[in-house]
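The values are calculated or read from the model by the stated rules, or taken from the named source; none is laboratory data. Computed from a prediction, not measured in an experiment: that's the story for all the values here. So basically every Cβ, Gly included, is an ideal-geometry build from the backbone, and we count neighbours across all protein chains shown. Heads up: the accessible areas ignore ligands, DNA and RNA and are worked out on the full protein's heavy atoms, side chains in. Shrake-Rupley method; radii C 1.70, N 1.55, O 1.52, S 1.80 Å.
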There are 2 protein chains.
Amino acid sequence: MKCLILAAGRGSRLSDKGDSKPLIPLLGLSLIERTILNAKKAGLSDFHVVTGYNGEKVRHFLDEFSRKRNIELTHIINEEWSKGNGLSVLAAKDLLNEKFILLMGDHVFDESILVRLKDERISEHEVILAVDYGIDANTLIDIDDVTKVLVGGDRISDIGKDIKKYNAYDTGIFLCTPAIFGAIEQSAASGDTSLSGGIRILAEKGQVRAFDIRNNFWIDVDDEEALRKARRKLLGGLKKTSDGPISRYLNRPISIRISKYLVRTDISPNFISFLSFILCCIGAFCFYLGGHTYFLLGAILAQAASVIDGCDGEIARLKFRGTEFGAWFDAVLDRYADAFLLFGLTYFVYSPTGNILYLFVGFMAIIGSFMNSYTADKYDGFMKKKLGEKEQFLRMGRDVRMFTIFLSAILDLRFLTLGDKVNLPFLAILFVAIVANTVNVKRMFILYKNG
Amino acid sequence: MKCLILAAGRGSRLSDKGDSKPLIPLLGLSLIERTILNAKKAGLSDFHVVTGYNGEKVRHFLDEFSRKRNIELTHIINEEWSKGNGLSVLAAKDLLNEKFILLMGDHVFDESILVRLKDERISEHEVILAVDYGIDANTLIDIDDVTKVLVGGDRISDIGKDIKKYNAYDTGIFLCTPAIFGAIEQSAASGDTSLSGGIRILAEKGQVRAFDIRNNFWIDVDDEEALRKARRKLLGGLKKTSDGPISRYLNRPISIRISKYLVRTDISPNFISFLSFILCCIGAFCFYLGGHTYFLLGAILAQAASVIDGCDGEIARLKFRGTEFGAWFDAVLDRYADAFLLFGLTYFVYSPTGNILYLFVGFMAIIGSFMNSYTADKYDGFMKKKLGEKEQFLRMGRDVRMFTIFLSAILDLRFLTLGDKVNLPFLAILFVAIVANTVNVKRMFILYKNG
């Protein structure tokens, strides 16, 4: 399906951020890049971008971008960009003769809105507008600037910035048929060259359907305040429901702060994965060297690696650079890193005593952690199928394992006198060994009983 | 789609194997069970079975079977079973008014024939017969007893046991429309009550299409010779293309011989998986105990476990008892078993010397083997997508790992004097560590370059 994106406006309220609104950076990508990549991720592939103000510069930028990211992109030029965004839509009239998606180049929104909207059935003379019913709950909008709509049933009956009676906001996300062009022409003939003008004409004929975006976010990036809100929203969205407790409350808040800076650089997610792995290797080597100082240093490095390990995925998501290989590469390096760290820690505990029990427990921790990762995917998939999404799946994630090691080092140092009586590093390994293997055995039994 | 199965005949040539042909056992299942389960695996679910000779006993058996295996099964009784198999088909006339699959209860065949056949398009008055064009190559048939067909283009023009001119065999696997009933009635009216008689009537009108079974096997189990051939064919089919070299030439030939006996018992595939795991645990404990005798014993147990580990899957496939859980359970236990064995072996090598290098190499072997399994699925899937099926995927399977340990024990014992100069068990671990990790790193590079 084709996708028409309006990027012709000037955006004077953001002029101090750059002289072309579509090129204003937001977490490592310009607004127009983000809109296109978001739509691409939602499944669209053939992009038509209307440029106007500072058009040459924007088009030059887009040419580079489409080449680098391998995106099919057609330029549409609207010299009358200052006269109202309806004319930008009209400029595409000859190129779009089937249904298409219409987006604003400066709106940031949840990809899942588009995923659903693009598959909506639409009849020949209709336009579907994604609307936000959360008019009280939405703190992301600028109430003076937002376009309001009045929806009755599933039909939009009125639209405009200044209408008195409304029950939803216009999100600027449309599924259109070519019927939109005639409507804008009609509206323009009577003096209103805005897109809303065209929509109003169709609305009066009952040809505009409202599409509920539900709880998904959208934001019109019109001023610095909105830019800040968009940044905060995108960063907040990096949290994952699958994050373990340590990840959620400790690692993720830190890694997101780091990612915020890293997205401005060209550092690749795979490089971050590798860096995290190298930190773990150095940490493991510190454990091998022995002694409290090296132990603490190793544990700090391991915990730092655990934090940084969140950044690869965050950068990949923020910059739409996630690949199948990247996810695989990260998982493989994580497994190696886990094993190295646990081996180093085992040797740290074992070498001063030569007690084979320490060696065995360390070995059980290594195999147990490994099996946790090995069985997790299959188990989770199976449990979802059997028990539905709501079920809490028993697991001890990498975040908890790494933090256990870290904690044992911190506490061991703090109560050095305790160190001789209570072997905290050993207890850390023992904890990992017991929990990890218990999880595995429990998974086996649950699957067997439900299988 | 409904499936009609003929199981009314007497099968006098196999009467010394039992007084009901459908109940004659073949590798742990009766012929009729195998036919039904095979068809179920191919995607059929609603079975109609025509019984005749010794019908009460067969129906009683089938009731038990359908309850145990949760299969929808309708009995059709043909008291005139001795008069020709066309009447068995006719007995189902009132129950089948859409297209259906027709099978002989005593034919054993490759499930993939049915997988393809059931999706063939068929017009209203047509019958499709799966035929075997390999009339010279097929060593499974009894040339005097087989029904021959003459195919021109895709139409069958003649059929019968004694026709002179033919170019294919009738495999007894049909996709029918209710047109078959009228044809059999017409044939019976003129004295021929056989199914072939009905087919001949349709063939004369050009309404019988031939369906090529290609290289898939089928066999009509009519006498002891055919029963032997079927057994051999089914056992031979247990080899997997994914088998490693040791598995293919050493383990599989032995495990198939064992499975041949085990299928007669009620031993479950999961129990075999568990048994193999326990053998590995004992083997690992032998390694831990140290000394050449225990080392050899441990290695023999490990290799025996590696052989037996083939039986679970073989029994599951032979008796159609494969489950998602079973495959997962086996994989998880294999990983644990591998790790225990390598840990035992590492300790065996390490404990007399206290050389940390041995410990590290052993650890690398454990992590490397593990990662081989962890990365294999994703890697193979990815490579298939990218490079097609033909590509040879670099791998060192479990069979090779286990055999390396076994070999080092055998050779170490044989050249005991060598034992002091060349540490064969250590070399075995070193070999596993290097190969396994090299495979992993190579996979990463291949995926990165192709990603």
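Counting only DSSP beta bridges with both residues in the protein assembly as shown, the antiparallel share comes to about 50 percent.
Chain B packed on chain A takes about 3800 Å² of accessible surface away from a 1.4 Å probe, both sides summed. Our analysis of chain B gives Rg over Rh at 1.10, with the two radii drawn from alpha carbon positions and Rh computed by the Kirkwood formula. An ellipsoid equivalent to the protein assembly as shown, defined through the eigenvalues of its Cα gyration tensor, has semi-axes of 58, 49, 22 Å when rounded to whole angstrom and sorted largest first.
Can you compute the helix-only [θ] at 222 nm over the protein assembly as shown? Use -39500 (n - 2.57) per DSSP H run of at least 4 residues, normalise by all residues, nearest 500 deg cm²/dmol.
Helix-only estimate at 222 nm: -17500 deg cm²/dmol.
At a threshold of 40 Å², the residues of the stretch A:325-343 that become less accessible to a 1.4 Å probe in the full protein assembly than in their chain on its own are A:PHE325, A:TRP328, A:VAL332, A:TYR336, A:PHE340, A:PHE343. Each Cα pair under 8 Å and six or more residues apart adds its sequence gap; the mean of these over the residue count of the stretch B:2-231 is a relative contact order of 24 percent.
Between B:ARG231 and B:ILE254, what FRET efficiency follows from the Cβ-Cβ distance if R0 is 22 Å, with the result rounded to 0.05?
0.80
Considering the stretch A:216-326 at the alpha-carbon level, its Rg and Dmax are found to be 16.5, 57 Å.
The distance between label points at A:HIS60 and B:ALA327 comes to 5.6 nm (points 7 Å beyond Cα on the Cα→Cβ vector). A straight chain from B:ASP94 to B:ARG121 at 0.36 nm per residue would run longer than the Cα-Cα distance by 7.4 nm. The orientation-averaged projected area of the convex hull spanned by the Cα atoms of the stretch A:62-152 comes to 8.6 nm². The trypsin sites (Lys or Arg not before Pro) of the stretch B:209-311 meeting both criteria, a DSSP state outside H, G, I, E and B (loop) and at most 13 other C-beta atoms within 10 angstrom of the site's C-beta, are B:ARG214, B:ARG264.
Helix B:179-189 and the long axis of chain B differ in direction by around 50°, with both axes built from C-alpha atoms.
Note that the protein assembly as shown presents 45 Å² accessible area per residue, ligands and nucleic acids not counted, probe 1.4 Å. Taking the DSSP beta bridges with both ends in the stretch B:2-231, the antiparallel portion is around 50 percent. Computed over the stretch A:1-137, relative contact order equals 33 percent, with contacts defined as Cα pairs under 8 Å that lie 6+ residues apart.
Per residue, the convex hull spanned by the Cα atoms of the stretch B:274-342 measures out at 59 cubic angstrom. In degrees, nearest 10, range 0 to 90: what is the angle between the Cα axis of helix B:398-414 and the longest Cα principal axis of chain B? Taking Cα atoms only, the helix is inclined about 50 degrees. Computing Rg and the Kirkwood Rh from the Cα coordinates of the stretch B:6-77 gives a ratio, Rg/Rh, of 0.94. Annotation note: GluC sites (Glu not before Pro) in the stretch A:47-100 located in DSSP loop regions with a Cβ neighbour count of at most 10 within 10 Å are A:GLU98.
For chain A, the longest principal axis of the C-alpha atoms and the axis of helix A:292-318 are separated by about 20°.
Expressed as a fraction of 2.2 N^0.38 Å, the value expected for a compact globular protein of N residues, the C-alpha radius of gyration of the stretch B:321-367 is 1.55.
List the relative contact order of chain A as a percent without decimals, with contacts defined as Cα pairs under 8 Å and 6+ residues apart. That works out to 13 percent.
The distance between label points at A:ARG10 and B:ASP136 comes to 8.7 nm (points 7 Å beyond Cα on the Cα→Cβ vector). From the Kirkwood radius over Cα pairs of the stretch B:238-450, Stokes-Einstein at 10 °C and 1.306 mPa s returns a whole-number translational diffusion coefficient of 89 µm²/s.
Sorted from shortest to longest, the distances between the A:GLY236 label points of this copy and the other copies are 6.7 nm, with each point 7 Å from Cα along the line through the beta carbon.
Each copy carries B:GLU72; placing its label point 7 Å along the C-beta direction from Cα gives inter-copy distances of 4.4 nm, listed from smallest up.
Report the Rg/Rh value for the stretch B:141-270, based on alpha-carbon coordinates and the Kirkwood definition of Rh.
1.13
Taking 1.002 mPa s as the viscosity and 20 °C as the temperature, the Stokes-Einstein diffusion coefficient of the stretch A:2-234 based on its alpha-carbon Kirkwood radius rounds to 122 µm²/s.
Sites listed here are trypsin sites (Lys or Arg not before Pro) in the stretch B:53-122 whose DSSP assignment is loop and whose Cβ has at most 15 other Cβ atoms within 10 Å: B:ARG69, B:LYS93, B:ARG121. Translational diffusion of the stretch A:288-409 was estimated from the Stokes-Einstein equation, with Rh taken as the Kirkwood radius over Cα pairs; at 37 °C and 0.692 mPa s the coefficient is 202 µm²/s.
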